Amino acid sequence: MRNDKAKVASDIAAQKKANTLTQHFQYPPGTAAFEGLANCRSCQLLSDVNVGNCPRCNDTLYLRSPNSIQRTLALIITAILLYIPANIYPIMNTVLFNDKTASTIVGGVVLFVESGSYFIAAVIFAASVLIPIAKMLIILWLCYATSRQSHLSRPELSRLYRATEFIGKWSMIDIFVVAILVALVHITGIMVVEPGTAAQAFAGVVILTMIAAHQFDARLIWDKQKNNE
Amino acid sequence: METQSKIACHDCDCLIMLPEMQINQTLVCPSCSSKQFTTYNRPLDYSISYGLSSLILLVMANSFPFLSFDVQGQIRTITLIQASNDLFIQDFVFLAVLVYIFVLLLPMAYLSLLLILLIPIKFGLKSFFAVSIGRLIGYFRPWIMAEVFIVGVLIALIKVIDLADIIVGFSFWAYIGFAILFTLTANISNRHQLWYWIDRAKR
Ligand SMILES: [Zn+2]
Ligand SMILES: [Zn+2]
């Protein structure tokens, strides 16, 4: 990493030139991008961005993920659309002595509330309703906040992003519940659980929001906001 | 290759000079306070032993009954793979593949690849495809949902506990053991540590 000073200086000059030419972000001082160093996405080695590919793992080097916001938005909008069928259609059907009951995601929560299992109701409600909606809204908002002045400070936005990234996969709980019930509760003629259409749609929502959170380049929060101050 | 003297925070791109770190210390970004990595005691030995135990438990979790469901003497016993397989039979292919990948395939691939990478390094031998394995492992990690699956199973059990007698099989406990050891393995062989080893293997 101990490149000679002259080289670093020329890199900074090249970077500044590139910025003035293409009207791109001005990277804040103290960041790797400011010095023309790219943080490898795969192995976190810092290298001169002009090298093109990481000398350690050969992944492509970028100062910031290209078109991060556009790709995140496309994925989130798809997820929001898919969330509609996920709530309209039943997530599973219970067949009790040839008597078929369909239950939606919200229906499942209501069932637990009615039977007095408030804790489980809260867990499923959080995993299947609260987290996906909150996640999609937060990511939308983060995309917006990187282009506008936001009410929240940079550390707060950054914390929000980390929370959505961490919590994403926990929304799969309901899918696994369905998978286990379908396999386990299968005594023909007495009690059978069948998967519902909403389960596929909901799994799609979870996957799409997870990919969207991965695609979002959290460093953009810090780039833009520092400029505005 | 030189050892890294500084890294950039993955969340805010702040340059961080790598300090001298003691065991069980976590490096936190001074600018955005996001966790970078934690150092562990004898990471190579623990990664290999936890990883191997975890893999063995995962194989065992696939070889015994997972759960049994008993309604008026009619018993239904399932294995772990049926969580995915029965969805497949009902033509929910997308769902079946997802469950299979997140619960079984990726953890299995992650642990096998990690061991293929680390065991030669431990014995000072040449490690093949070290760089490709390092990158693959990084891609797999966010999609492994063992702990989420366990919570899902527990909630499913609570849903049916009034309807029938539930017998918890050996596989269930094996899977929980696997999940705990997997989390430990993945934490110890974190990205920073992993690429340090890969650098060493290439030398
Ligand atoms: Zn790299
Ligand atoms: Zn940071």
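The set of residues in the stretch A:28-64 that are of a type in the set (Gly, Ala, Ser) and either open to solvent by less than 20 Å² (accessible area, probe 1.4 Å) or within 16 Å of ligand 2 (Cβ to nearest atom) (or both) comprises A:Gly30, A:Ala32, A:Ala33, A:Gly36, A:Ala38, A:Ser42, A:Ser47. Cβ-Cβ contacts under 9 Å between residues 6 or more apart (or on different chains), taken from a first residue in the stretch A:149-167 that is closer than 15 Å to B:Cys29 by Cβ and outside any helix (DSSP H, G or I) to a second residue that is open to solvent by less than 60 Å² (accessible area, probe 1.4 Å) and not β-branched (Val, Ile, Thr), are absent.
Determine if the stretch B:172-180 includes at least one residue that is in contact with a strand residue (DSSP E or B) (Cβ under 8 Å, 6 or more places away or on another chain), assigned by TED's automatic domain parsing to the domain that holds B:Phe88 and modelled with pLDDT of 95 or more. Spell out how you get there, then give the answer.
Filtering the stretch B:172-180 down to residues in contact with a strand residue (DSSP E or B) (Cβ under 8 Å, 6 or more places away or on another chain) leaves B:172.
Now drop any that are not assigned by TED's automatic domain parsing to the domain that holds B:Phe88, which leaves B:172.
Filter once more, so that each one left must be modelled with pLDDT of 95 or more: B:172.
Yes - at least one qualifying residue is present in the stretch B:172-180.
Scanning the stretch B:6-43 for residues that are within 16 Å of ligand 1 (Cβ to nearest atom) and over 30 Å from B:Leu181 (Cα atoms) gives B:Lys6, B:Asp13. The condition (being within 14 Å of chain A (Cβ to nearest Cβ) and of a type in the set (D, E, K, R)) is satisfied by just one residue among B:Arg42, B:Arg76: B:Arg76. Against the list (1) at the interface with another protein chain (Cβ under 10 Å from one of its Cβ atoms); (2) of a type in the set (Ser, Thr, Tyr); (3) crowded, with 16+ Cβ neighbours inside 10 Å; (4) within 23 Å of A:Cys43 (Cβ to Cβ), the condition B:Ser189 fails is (1). Applying the condition of being among the aliphatic types (A, V, I, L, M) and crowded, with 23+ Cβ neighbours inside 10 Å to the stretch B:92-129 and asking which residue is farthest from the other protein chains (Cβ to nearest Cβ) yields B:Leu111. What do you reckon, is B:Arg200 within 16 Å of ligand 2 (Cβ to nearest atom), in contact (Cβ under 8 Å) with a residue 60 or more places away in the chain and open to solvent by 50 Å² or more (accessible area, probe 1.4 Å)? Taking the combined requirement at face value, the residue does not satisfy it.
Filtered by the rule that a residue be within 28 Å of A:Ala163 (Cα to Cα) and more than 13 Å from ligand 2 (Cβ to nearest atom), the stretch B:7-32 gives B:Met17, B:Leu18, B:Pro19, B:Met21, B:Gln22, B:Ile23, B:Asn24, B:Gln25, B:Thr26. Yes or no: the stretch B:33-56 includes at least one residue that is within 16 Å of ligand 2 (Cβ to nearest atom), in a loop (DSSP other than H, G, I, E, B) and open to solvent by 40 Å² or more (accessible area, probe 1.4 Å). Yes, there is a match, as at least one residue in the stretch B:33-56 is within 16 Å of ligand 2 (Cβ to nearest atom), in a loop (DSSP other than H, G, I, E, B) and open to solvent by 40 Å² or more (accessible area, probe 1.4 Å).
The values are calculated or read from the model by the stated rules, or taken from the named source; none is laboratory data. Here the structure is a predicted model, which means the values were calculated and not measured. Neighbour counts run over all protein chains shown; Cβ positions are idealised from the backbone, glycine included. Ligands, DNA and RNA are excluded from the accessible area calculation, which covers all protein heavy atoms including side chains. Shrake-Rupley method; radii C 1.70, N 1.55, O 1.52, S 1.80 Å.
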